[in-house]
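Heads up, the thing below is written out as structure tokens.
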Amino acid sequence: MRRLLTFSLAASLTVFGVSCSNFLSSDNVKRDPNNPSTATANQLFIAVQGGQFAQQEGIIALIGCLWTQSCTGTSNFLQTLEKYDIASEDTPSAAFSSIYEGGGLVDIKQIEAAETAAGDQQYLGIAQVWEALTMAVAADIYGDVPYREAGSNVATPHLDPQAQVYSDLQALLTTAIGNLGGAGPGPGPLDLVYGGNTTKWIEAAHTLKARLYMHTAETATGFDNTALNNAVTDALLGISSTANDFKSKHTSQPGEDNLWFQFFDRSGFGQYVVAGQNLADLMNARNDPRRAEYFSASTPGPFGGQGPPPGNTTSPGGVSTLNGTRNKPTFSQPIMTYIENQLILAEAYFRLGQAANAQTHFDNARAAVPMPAKAIATVNDIMEEKYVAMFQNIEVWNDYKRSCYPPISAIQPPNAPAAFGGKVPGRLYYGTTEQNANPNVPDRSVQNQVGGNVVTPPPANAGFRNPNDPNPC
């Protein structure tokens, strides 16, 4: 059963990048009649969007959902993952390959080369934002990763330090913003996110820069004010309204539909993921209007969830599934949003001691839900707001690593493998395919890390974390 699921999830993670036949048959797709076997930049661009939509909605997002108690696995491999047994359960391995192959970095680099030669700065800028979003997942989840030598003729690329990758991505996004203000025509309607609207792309690039500055803000002794101020600077130029949210695009055709829907409706395992008790009880206490969007009604209701193993406690209202109103094939999954941007500002300002500015942006985020105004008492008020808003988003896990919200007492982690120090892991193992083929990737037995990719033996109670996560929760 686990082998079957591993195959089905791996296929799902890449299927969008290779089964976009109705997009590719569009009259708008340009083909070179002299090279019919060579994919055009436009065809590669569709594959990149499909592949990275799947990456944002796939196994990494599911793991983050399980580990932060936004959802709970009730059987099969899901409980194995929820118990942090990511060494024996190799399902996440395909996600590492998706960074580079099947609509990943290799294809993005080809698009960038083609559009540089064509002089289309807008198209180039959009591709560069996609590169930054793709490689941000790599750095966030795996720490030190192949980047500068990846997508080149180097057969076994070296791992670049996580901090260097983040720095390179900030520089890339700055370049992208400049290109987005340059000559077009850009991809036009082939752009499934913004339809070629460069104003919206520039805002999204600034939000991504702000997000990544927050990912580098934590230090061993607190928070880096320079990173926080940089996050503020970019977020003030970031996504300015909910109409400009960066979302995936799907059709109702199998293989092009929303990956969460695919998992729930067709994998045979969707019934084994239910609402996490922590999130469901929190949203009930808030009377949050998004409950029906996220969850099905429960019995006796109105909504409820289940806690993780081994306790598997349940809410007073019973247990909801993830069959809320968003669980449909064409749902556009939020990837970067106005609400996230406002809460980045709220958190950064609050940590900088600028409470009034923090309150303004916190109020903006709640008003967009809508939720009534609420005074910020601690930074956890901000992180709670983001935890609810970012449901099914990889960023929930990244926020946890920085803020330790939800607190350990709320998510009730089961007994982690001893190598993880009893902590919620802060990263995943490198993909087995890359590990087997690339001698620069360390063996799993020495991948426990704090401040670097290989620490042997791991520090006591260090957890399993990346260099940007110096303080275990």
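Considering the conditions (1) in contact with a Ser or Thr (Cβ under 6 Å, 6 or more places away or on another chain); (2) among the hydroxyl-bearing types (Ser, Thr, Tyr); (3) closer than 19 Å to residue 223 by Cα, residue 338 is excluded by exactly one of them, (3).
The lone criterion from (1) out of contact with any helix residue (DSSP H, G or I) (no Cβ under 6 Å at 6 or more places or on another chain); (2) of a type outside the set (A, V, I, L, M); (3) assigned to a helix (DSSP H, G or I); (4) within 27 Å of residue 328 (Cβ to Cβ) left unmet by residue 226 is number (4). Among the residues of the stretch 340-382, those that are polar (S, T, N, Q), in a helix (DSSP H, G or I) and under 17 Å from residue 214 (Cβ atoms) comprise 341, 342, 357, 380. Residue pairs whose Cβ atoms lie under 7 Å apart, separated by 6 or more positions or on different chains, with the first residue in the stretch 102-129 and on the phi < 0 side of the Ramachandran plot and the second open to solvent by 60 Å² or more (accessible area, probe 1.4 Å) and polar (S, T, N, Q), are 124/116; 128/175.
Per-residue answers, yes or no, for (1) part of a loop (DSSP other than H, G, I, E, B); (2) touching a residue at least 12 places away in the same chain (Cβ under 8 Å); (3) in contact with a helix residue (DSSP H, G or I) (Cβ under 9 Å, 6 or more places away or on another chain); (4) surrounded by 23 or more Cβ atoms within 10 Å (Cβ to Cβ):
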{"site": "147", "(1), (2), (3), (4)": "yes, yes, yes, yes"}
{"site": "157", "(1), (2), (3), (4)": "yes, yes, no, no"}
{"site": "168", "(1), (2), (3), (4)": "no, yes, yes, no"}
{"site": "182", "(1), (2), (3), (4)": "yes, yes, yes, no"}
{"site": "199", "(1), (2), (3), (4)": "no, no, yes, no"}
{"site": "204", "(1), (2), (3), (4)": "no, yes, yes, yes"}
{"site": "231", "(1), (2), (3), (4)": "no, yes, yes, yes"}
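Set side by side, the residues 278, 327 differ, and just one is over 26 Å from residue 382 (Cα atoms) and within 21 Å of the chain's Cα centre (by Cα), which is 327. Candidates are the residues of the stretch 68-97 that are under 19 Å from residue 268 (Cβ atoms) and of a type in the set (A, V, I, L, M); the one that is surrounded by the fewest Cβ atoms within 10 Å (Cβ to Cβ) is 81. Close contacts from the stretch 361-376, counting a first residue that is open to solvent by 60 Å² or more (accessible area, probe 1.4 Å) and a second that is not in a helix (DSSP H, G or I), with Cβ to Cβ under 9 Å and a gap of 6+ residues or different chains, come to 367/373; 370/289.
Filtered by the rule that a residue be open to solvent by 70 Å² or more (accessible area, probe 1.4 Å), farther than 13 Å from residue 326 by Cβ and within 17 Å of the chain's Cα centre (by Cα), the stretch 239-267 gives a lone residue, 249.
The residues on offer are 191, 224, and the sole one that is of a type outside the set (Val, Ile, Thr) and more than 21 Å from residue 246 (Cα to Cα) is 224. In the stretch 184-197, the qualifying residues are those that are more than 16 Å from residue 130 (Cβ to Cβ) and part of a loop (DSSP other than H, G, I, E, B), and the one that is modelled with the highest pLDDT is 185.
From the residues in the stretch 397-412 that are assigned to a loop (DSSP other than H, G, I, E, B) and surrounded by fewer than 20 Cβ atoms within 10 Å (Cβ to Cβ), which one is modelled with the lowest pLDDT? The extreme case among them is 412. For the stretch 206-223, the candidate set comprises residues that are surrounded by fewer than 24 Cβ atoms within 10 Å (Cβ to Cβ) and of a type in the set (Gly, Ala, Ser); within that set, the residue that is farthest from residue 403 (Cα to Cα) is 220. I'd like to know if the stretch 256-265 contains one or more residues that are out of contact with any helix residue (DSSP H, G or I) (no Cβ under 9 Å at 6 or more places or on another chain), more than 23 Å from residue 369 (Cβ to Cβ) and not small (Gly, Ala, Ser). The answer is yes, given that some residue of the stretch 256-265 is out of contact with any helix residue (DSSP H, G or I) (no Cβ under 9 Å at 6 or more places or on another chain), more than 23 Å from residue 369 (Cβ to Cβ) and not small (Gly, Ala, Ser). If the condition is being β-branched (Val, Ile, Thr) and over 21 Å from residue 193 (Cβ atoms), then the stretch 308-333 contributes 313, 314, 319, 321, 325. Considering the stretch 279-326, the residues that are among the aliphatic types (A, V, I, L, M) and assigned to a loop (DSSP other than H, G, I, E, B) include one that is most open to solvent (accessible area, probe 1.4 Å), namely 297. If you filter the stretch 24-65 down to residues that are touching a helix residue (DSSP H, G or I) at 6+ places or on another chain (Cβ under 9 Å) and open to solvent by 40 Å² or more (accessible area, probe 1.4 Å), you find that the one that is modelled with the lowest pLDDT is 24.
Conditions (1) of a type in the set (A, V, I, L, M); (2) in contact with a strand residue (DSSP E or B) (Cβ under 8 Å, 6 or more places away or on another chain); (3) over 20 Å from residue 244 (Cα atoms), marked per residue:
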site: 285; (1), (2), (3): yes, no, yes
site: 323; (1), (2), (3): no, no, yes
site: 338; (1), (2), (3): no, no, no
site: 345; (1), (2), (3): yes, no, no
site: 364; (1), (2), (3): no, no, no
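Checking each residue in the stretch 98-131 for being over 20 Å from residue 59 (Cβ atoms), surrounded by 24 or more Cβ atoms within 10 Å (Cβ to Cβ) and of a type in the set (Gly, Ala, Ser) picks out 125, 127.
The values are calculated or read from the model by the stated rules, or taken from the named source; none is laboratory data. Bear in mind the structure is a predicted one, so any value in this text is a computation, not a measurement. Please note: Cβ atoms are built from the backbone with ideal geometry, for glycine as well, and neighbour counts cover all protein chains shown. When the accessible area is computed, the model is the full protein with side chains, heavy atoms only, and any ligands, DNA or RNA have been set aside. Shrake-Rupley method; radii C 1.70, N 1.55, O 1.52, S 1.80 Å.
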